[in-house]
Each structure stands twice: as structure tokens, then as C-alpha cells.
Amino acid sequence: MTTPEIENRAVSITDIEVHADKLDARRAAAIYMEHGCLVVRGLMNPYIEAISKDIECCAAESIALLPEAVKIPEGWTTPNGTLFLPAPANFSRDKQIMVLGIGYATSAAFFHSAFDSAALDIAEGILGPNVEMFMNGQCLYKEPVGGHPKNLHQDSAYFEHRYEGPVATLNYVVDTDLVNGALYVVPGSHKFGTLKHVDTISHLGLDPTDWPWERALPITGQAGDSIFFHVRTIHGSQQNHSTEPRPVFIHRYRSSDDYVIISGTTTENREENERRIADAKKENQRGLMVRGYRAFSHSE
């Protein structure tokens, strides 16, 4: 299989990072649009302590609810909405947390951080004046001693949009390095379109033969650092080999006129939804407005 080539292989962290205390939102948006990714050091610092407490509370709650977990195609889900995957052989349980059941409806700190003015300045600079939230927030939680990898992938494989698609911000809750599961990105890959994905242990991913980790740039950072990335930017993270959990939380912003046209979590259900693309509508896909105004539309 022939894979796309990156136009500029010399992109480094310094090319894509800015600092929250010296933020120029227009320059930050320009970096994002050029590379499909942006690092803002310290952006979420005001929220980390409160969010960390809520995340750990939800993790303990989820583990206590494991006896009530239900099998689904993606793994197992507990009554509070936490998704578990099979744990490695040397772990104390047979299941590990992947996606924690915490979001805007359960954590005030999580909700408040989504409305950070500096983050929204950048989102508006990318998407235009009318910006809404997409989804309910997300927390990916790598448990210690082998916490699941997330193979290199594009989010557009899971939720392809009619227009630009969402801008995601992935936020470190703890200091994060190559041992406990730093995010990897492929700068410039947002220009490739949505590539063909395969089924992996962590759901849809790119074929690792074509997309080994060596093709991606690791982003280490401290608690409070934020990574913005395009819905088609290739990204992923390796296992957590440390002795402590590695949580991150994610916000997604999109233009208020945008909407999902193809969704999926496996190759089978994505292919099924591809056949129904003509039925995709903006109807019932509204998110909370965080910037600007949503004009009335009969089509919605």
C-alpha cells in the first residue's frame, strides 16, 4: 500500500508550540492551520487540580461498578458510561479503563474548562465566529502497568464531518512523557483526507505496517499543557508503562453549521454508515454554542 508523504519532515516541537502566558491567538491559529496541530503550554493550568480530583473519583467509581459491566462491540461498559478493554496478563484485573465516564454532565470543572477564553479565541480563529461544542467531552484514562495503546489514527475515521470538522484539544492532567503515554502526532497529515483504517485492539486505527510510531512526533509535556489537532491529523499514544495512571481530557469545537456524515468504531459499522451517507443531516446534532450566534434554519 502506498502511503502519503509528509511535505516537511523537519517539523519539530518548537515549530508548533506556544505558551499560554504569551498567547497570540491569531499566530496560534495559523500554526494549527499549517501543521494540523498546535501545542499550548500551560493553557489548562487553572483547572487541573479540580479536574484531576473528579477524574480519580470517577475512576474509583467505575472500578467499583465493574461487576455490572455489559459487553458491547467496543469492549465492556459500566452503568456510569466508562469503557473497559482487556487488561494485559500482568495486571491485577482482567479489564482496564480506556474511556472514563466523565463529561460535562458530571464534572463542573470539566465543563468550565471547555469555556476557557484563550482556548475559544484559538478555536474562533480557526473555525470562524460561530462555534459550538461537539460531543460531551472525553477522558482517556491509561491505567498503570500497561494501560492500553491507542494506535495511530484519524478521528475522522470515527466521525467524518460535512465541512471542516471539529478542532480537538487534548489536555494533560499529569506530567506526560514517553514512559506513561505521550501523544504522538504527524504534522501536515490533516491534508491527506481520511485514510483507510483497520480494526485494532483500540478500535479503528491505521495499518501499523504503513504507519509505525517512527513516522510520528511525540509531544511530552506537563500537567496543564494542551494539544490542538485537526480531525484528520494522524495521532495516537503508546502504553502507560509507569506505576501511576495517565489521564487526559478532550474538548472538541466545530463550526455551528457542521455535522457528522459518517460515524463508526469498527470497519464493519463504518462501512455500513458509509452506505447511508445520503441520509446524514444536521438535524439533532446541535451542540452548546460557545462563541457567536446560531441563526434559525428551517432545515434544522
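The values are calculated or read from the model by the stated rules, or taken from the named source; none is laboratory data. Note that the structure is predicted; figures quoted are calculated from it, not measured. Please note: Cβ atoms are built from the backbone with ideal geometry, for glycine as well, and neighbour counts cover all protein chains shown.
Checking every residue in region 126-148 against the condition of being of a type in the set (Phe, Trp, Tyr), closer than 30 Å to residue 273 by Cα, touching a helix residue (DSSP H, G or I) at 6+ places or on another chain (Cβ under 7 Å) and in a loop (DSSP other than H, G, I, E, B) gives zero matches. Looking at the structure I just gave you, is residue 60 surrounded by fewer than 15 Cβ atoms within 10 Å (Cβ to Cβ), at pLDDT below 95 and farther than 30 Å from residue 23 by Cβ? Judged against the criteria, residue 60 is not a match. Residues that are more than 18 Å from the chain's Cα centre (by Cα) and either within 15 Å of residue 64 (Cα to Cα) or not polar (S, T, N, Q) (or both) within region 81-104 comprise 86, 87, 88, 89, 91, 92, 93, 94, 95, 96, listed in sequence order. Residue 220 falls short on exactly one of the conditions (1) of a type outside the set (Gly, Ala, Ser); (2) modelled with pLDDT under 95; (3) more than 14 Å from the chain's Cα centre (by Cα), and that condition is (2). Which one of the conditions (1) over 22 Å from residue 203 (Cβ atoms); (2) touching a Ser or Thr at 6+ places or on another chain (Cβ under 8 Å); (3) modelled with pLDDT under 95; (4) not β-branched (Val, Ile, Thr) does residue 92 fail to meet, given that it meets all the rest? Of everything listed in (1) over 22 Å from residue 203 (Cβ atoms); (2) touching a Ser or Thr at 6+ places or on another chain (Cβ under 8 Å); (3) modelled with pLDDT under 95; (4) not β-branched (Val, Ile, Thr), residue 92 misses just condition (2). Picking from residues in region 264-291 that are among the small types (Gly, Ala, Ser) and surrounded by 16 or more Cβ atoms within 10 Å (Cβ to Cβ), the one that is nearest to residue 120 (Cα to Cα) is 287. Restricted to region 6-56, and to residues there that are among the hydroxyl-bearing types (Ser, Thr, Tyr) and part of a helix (DSSP H, G or I), the residue that is surrounded by the most Cβ atoms within 10 Å (Cβ to Cβ) is 32.
The strands (runs of 3 or more DSSP E) found entirely in region 192-264 that carry 3 or more residues being in contact with a Cys (Cβ under 8 Å, 6 or more places away or on another chain) are 226-230, 246-255. Scanning region 58-71 for residues that are among the hydrophobic types (A, V, I, L, M, F, W, C) and under 21 Å from the mean Cα position of the chain (by Cα), we see that the one that is farthest from residue 108 (Cα to Cα) is 59. Mind listing whichever residues of region 266-280 are assigned to a loop (DSSP other than H, G, I, E, B) and either at pLDDT 90 or above or over 23 Å from the mean Cα position of the chain (by Cα) (or both)? Once the filter is applied, which keeps residues that are assigned to a loop (DSSP other than H, G, I, E, B) and either at pLDDT 90 or above or over 23 Å from the mean Cα position of the chain (by Cα) (or both), region 266-280 yields 266, 275, 276. The sole residue among 202, 226, 242, 237 that is modelled with pLDDT under 95 and either surrounded by fewer than 20 Cβ atoms within 10 Å (Cβ to Cβ) or in contact with a strand residue (DSSP E or B) (Cβ under 7 Å, 6 or more places away or on another chain) (or both) is 202.
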